[in-house]
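K.L.:
Please read through the structure below; I'll follow up with questions.
The values are calculated or read from the model by the stated rules, or taken from the named source; none is laboratory data. Bear in mind that the values here come from a model prediction, so they are computed numbers and not experimental data. Quick reminder, even Gly has a Cβ in these numbers, built from the backbone with ideal geometry, and neighbours come from all protein chains shown.
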Amino acid sequence: MNNSNYTYNNEAIGLVAIYTILKEERKLNIAKLSLVLPILFHEKTLSFLCENETEYLTLEGFVNQSYLLENFNNRFLTFLPITANIVTILSSAKLVKIQNNLIQLIPENEIDIYNKELGKRTSLLILGAKKFAYLLKEDVVNLYSQLKVLI
């Protein structure tokens, strides 16, 4: 990842996206959580999620938008270390617990990240994350297959 991309897409901004997903889902398999940043850090995909009525979007409908999946596997591999760092930060801050491959929000330590003062990009990531959370209800094997993730 080049430095300008890392400055724009880093642990701090990614934490907002991942924490938003966890607030929506309460707990999530690490494999599913690893799909969040490659989706939300991709400007075309984030715009698609934010600008369209996606509340009832299906996985098939999403993957039919082929331009959203350009270089998806490369993005997945690029953002995997940042995802791991974010999970570590959230765990160290006692905001989540990691158990049996699940990342689970600790309700008594929950924080409010929905603050408009965090900026426009953060607001867009929160909106996109809330909409993308719906697709994460799919089976993990189906998600990886449809998104063509190669591990």
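K.L.:
Restricting the search to region 94-136, which residues are among the basic types (Lys, Arg) and in contact with a helix residue (DSSP H, G or I) (Cβ under 8 Å, 6 or more places away or on another chain)?
P.N.:
Start the filter on region 94-136 by keeping residues that are among the basic types (Lys, Arg), which leaves 94, 97, 116, 120-121, 130-131.
Residues satisfying the conditions are LYS94, LYS97, LYS116, ARG121, LYS130, LYS131.
K.L.:
Further, regarding this structure: Could you go through region 78-94 and let me know if any residue there is more than 23 Å from LYS120 (Cα to Cα), modelled with pLDDT of 90 or more and in contact with a Ser or Thr (Cβ under 7 Å, 6 or more places away or on another chain).
P.N.:
yes
K.L.:
Same structure again: Would you check if LEU135 is within 18 Å of LEU37 (Cα to Cα) and hydrophobic (A, V, I, L, M, F, W, C)?
P.N.:
It is true that LEU135 is within 18 Å of LEU37 (Cα to Cα) and hydrophobic (A, V, I, L, M, F, W, C).
K.L.:
Need the failing condition index for CYS50 against (1) surrounded by 14 or more Cβ atoms within 10 Å (Cβ to Cβ); (2) modelled with pLDDT under 95; (3) within 13 Å of GLN146 (Cα to Cα), just the number.
P.N.:
Unmet condition: (3).
K.L.:
Sticking with this structure for a sec: Please go through region 20-29 and give me each residue that is crowded, with 20+ Cβ neighbours inside 10 Å and over 16 Å from LEU46 (Cα atoms), ordered by number.
P.N.:
Those that are crowded, with 20+ Cβ neighbours inside 10 Å and over 16 Å from LEU46 (Cα atoms): LEU22, LEU28.
K.L.:
Report whether or not LEU28 is in contact with a strand residue (DSSP E or B) (Cβ under 9 Å, 6 or more places away or on another chain) and not in a helix (DSSP H, G or I).
P.N.:
When the stated conditions are applied, LEU28 passes them.
K.L.:
Within region 120-130, take every residue that is surrounded by 12 or more Cβ atoms within 10 Å (Cβ to Cβ) and not β-branched (Val, Ile, Thr) and give me the one that is nearest to the chain's Cα centre (by Cα). Steps first, please.
P.N.:
Quick first cut of region 120-130, residues surrounded by 12 or more Cβ atoms within 10 Å (Cβ to Cβ) only: 121-130.
Keeping just the survivors that are not β-branched (Val, Ile, Thr) gives 121, 123-125, 127-130.
Working: ARG121: 14, SER123: 14, LEU124: 12, LEU125: 9, LEU127: 11, GLY128: 9, ALA129: 6, LYS130: 9 Å.
Top of the filtered list is ALA129.
K.L.:
Additional query: Hey, GLU55 hits all of (1) among the acidic types (Asp, Glu); (2) over 17 Å from the mean Cα position of the chain (by Cα); (3) at pLDDT below 90 but one; which does it fall short on?
P.N.:
Evaluating GLU55 over (1) among the acidic types (Asp, Glu); (2) over 17 Å from the mean Cα position of the chain (by Cα); (3) at pLDDT below 90 leaves (2) as the failure.
K.L.:
Could you tell me which of the residues ILE89, ILE82, ILE103 is surrounded by 13 or more Cβ atoms within 10 Å (Cβ to Cβ), among the aliphatic types (A, V, I, L, M) and more than 13 Å from LEU15 (Cα to Cα)?
P.N.:
Residue meeting the stated conditions: ILE103.
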